[in-house]
Amino acid sequence: MTSRPGDWLCPTCNFTIWASKPSCKKCGHTRPLRPAPLGDLLANPLLNPDAPGGSNSASSSSLQKRPEKATLEDLTMQIQQLSSVVGELFAEVKRLREEQEANTQAHKRNKREIEEQRMRTRIDHADSYGSGEY
């Protein structure tokens, strides 16, 4: 099966799901909020034995002992790395939201100041016109 951009791999059963589908048709697992790109998962030799360096690949020699399945330590390390990345992403999202809020507030202040300046200018012109200075 040829995967297309946006297709995702079910984290429960490893079935390839079309990008438009919200859940796995094989096991019913709902689509993760931010699924890993299918190409990244398929290139991982721990998850795909046919990937370069995987246990079924041509580059895998009989002298090289590779586990057919990922060890618990490998998976634990990957989870810790992903947790760290997720934490960094949440921190970045928080920073960007705070920056957006500050920019919004600055924009509102600038808009108020411009409107106040326009009102002062109108009053000044009206005073000038009424006093005969115009």
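The values are calculated or read from the model by the stated rules, or taken from the named source; none is laboratory data. All values reported here derive from a predicted model rather than from experimental measurement. Please note: Cβ atoms are built from the backbone with ideal geometry, for glycine as well, and neighbour counts cover all protein chains shown.
Computed quantities for the displayed model
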{"read-out": "In the stretch 116-134, the residues that are touching a Phe, Trp or Tyr at 6+ places or on another chain (Cβ under 8 Å) and at pLDDT 80 or above", "value": "none"}
{"read-out": "Selection status of residue 92, modelled with pLDDT of 85 or more, of a type outside the set (Gly, Ala, Ser), in a helix (DSSP H, G or I) and over 34 Å from the mean Cα position of the chain (by Cα)", "value": "no"}
{"read-out": "Residue match in the stretch 101-115 (condition: more than 26 Å from residue 18 (Cα to Cα), over 28 Å from the mean Cα position of the chain (by Cα), aliphatic (A, V, I, L, M) and modelled with pLDDT under 80)", "value": "no"}
{"read-out": "Residue check, residue 55 in contact with an Asp or Glu (Cβ under 8 Å, 6 or more places away or on another chain), surrounded by 10 or more Cβ atoms within 10 Å (Cβ to Cβ) and modelled with pLDDT under 75", "value": "yes"}
